[in-house]
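The values are calculated or read from the model by the stated rules, or taken from the named source; none is laboratory data. This one's a predicted model, so the numbers in the text were calculated from it and none came from an experiment. FYI the Cβ positions are ideal-geometry reconstructions off the backbone, even for glycines, and counts take in every protein chain you see.
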Amino acid sequence: MSSNSPVALVTGASRGIGRAIAVELASAGYDIVVNFVSQAEAAEETAALVAREGREALVAQADISSAEDRANMIEETRSRFGRIDVLVNNAALAPRERVDLLESSEEHYDRTLDVNLKGPFFLTQSVAGWMVEERQADPGRKLYIVNISSLSEYTSSVLRGDYCLAKAGLGMLTSLFADRLGEHDIPVNEIRPGIIATDMTAGAKEKYDKLFAEGLTPFKRWGQPEDVARAVRALVGGDFDFATGAAIDLDGGFHLHRL
């Protein structure tokens, strides 16, 4: 089967930022591959929201750290839609526990980097190869890759060092693929969200409410998943096609150096 509509693969799309991105891109006319690992019911809820926007959804279970799972998901996408137009590397493993840098384990380090860096690297490699084929077959196609990173890319947090390393690596991943795919006119850009209100951050609500009130960021509020989703839509909407290897700090001004 081949889709007449553009297709976006959104990893980690069962909830939070990933769900918001999937729904936003559906509203922009994309059919969506809704990737998830374990929350099947939540992924189906995302698919229902995509359908409500009048678009098709493929719910694809895959652990992006697994080569077999990645290959199966891409094959499912080929079989269902016959095309790929956008890849959004959103899936990430939050630290299971905050551990001092001097005490963190290799096991935890390996799992965090497998999901947060190795997975996006090799998924991007596979999708990029497919996109190059698409470009050769149809030179006018609009093709995009967007990576969802974090302020942890440049902010030291010694209780979750492996997470910070993975996000820093994702920044270089953006640069590398932007460089490699430039000759094929495939933009590769990055969004660095700040503190976003999701179930991942719900446990720290009181802490961050206090920090916002004290002026942690110029905008004294939480970011919302929809803030990130709208930025993704802008990047794949055609208005920033001369930008590649760029990073958008979507953090309410956290990145500013202030006196």
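When each of 198, 244 is tested for being hydroxyl-bearing (Ser, Thr, Tyr) and at pLDDT 95 or above, the lone residue that passes is 244.
Here's the yes/no breakdown for (1) of a type in the set (A, V, I, L, M, F, W, C); (2) at positive phi; (3) outside any helix (DSSP H, G or I); (4) touching a residue at least 24 places away in the same chain (Cβ under 8 Å):
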site: 87; (1), (2), (3), (4): yes, no, yes, yes
site: 107; (1), (2), (3), (4): no, no, no, no
site: 120; (1), (2), (3), (4): no, no, no, yes
site: 131; (1), (2), (3), (4): yes, no, no, yes
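Within the range 247-259, if we keep just the residues that are among the hydrophobic types (A, V, I, L, M, F, W, C) and in contact (Cβ under 8 Å) with a residue 60 or more places away in the chain, the residue that is surrounded by the fewest Cβ atoms within 10 Å (Cβ to Cβ) turns out to be 247. Across the range 35-59, the qualifying residues are those that are assigned to a helix (DSSP H, G or I) and of a type in the set (A, V, I, L, M), and the one among them that is surrounded by the fewest Cβ atoms within 10 Å (Cβ to Cβ) is 48.
Consider the range 225-242 and keep the residues that are free of Cβ contacts under 8 Å to residues at least 60 places away in the same chain and in contact with a strand residue (DSSP E or B) (Cβ under 7 Å, 6 or more places away or on another chain). The one that is nearest to residue 146 (Cα to Cα) is 231.
Is at least one residue of the range 166-176 more than 17 Å from residue 242 (Cα to Cα), at pLDDT below 95, surrounded by 13 or more Cβ atoms within 10 Å (Cβ to Cβ) and among the aliphatic types (A, V, I, L, M)? No, the range 166-176 has no match at all. Taken together, the criteria place residue 141 among residues that are in a loop (DSSP other than H, G, I, E, B), of a type in the set (D, E, K, R) and either over 20 Å from the mean Cα position of the chain (by Cα) or more than 26 Å from residue 7 (Cβ to Cβ) (or both). Filtering the range 144-165 to residues that are touching a residue at least 24 places away in the same chain (Cβ under 8 Å), in contact with a Phe, Trp or Tyr (Cβ under 9 Å, 6 or more places away or on another chain) and surrounded by 18 or more Cβ atoms within 10 Å (Cβ to Cβ) leaves 145, 147, 150, 151, 161, 162. From the list 205, 220, the lone residue that is modelled with pLDDT of 90 or more, surrounded by fewer than 20 Cβ atoms within 10 Å (Cβ to Cβ) and not aromatic (Phe, Trp, Tyr) is 220. Residues in the range 1-34 that are surrounded by fewer than 21 Cβ atoms within 10 Å (Cβ to Cβ) and charged (D, E, K, R): 15 alone. The listed residues are 27, 65, and the only one of them that is at pLDDT 95 or above, hydroxyl-bearing (Ser, Thr, Tyr) and out of contact with any helix residue (DSSP H, G or I) (no Cβ under 7 Å at 6 or more places or on another chain) turns out to be 27. Can you confirm whether the range 122-131 contains a residue that is under 30 Å from residue 257 (Cα atoms) and surrounded by fewer than 22 Cβ atoms within 10 Å (Cβ to Cβ)? Looking for residues that are under 30 Å from residue 257 (Cα atoms) and surrounded by fewer than 22 Cβ atoms within 10 Å (Cβ to Cβ), one finds none in the range 122-131, hence no. The set of residues in the range 69-83 being acidic (Asp, Glu) and over 15 Å from residue 125 (Cβ atoms) consists of 75, 76. Within the range 55-85, the only residue that satisfies the criterion of being under 22 Å from residue 177 (Cα atoms), hydroxyl-bearing (Ser, Thr, Tyr) and touching a residue at least 60 places away in the same chain (Cβ under 8 Å) is 77.
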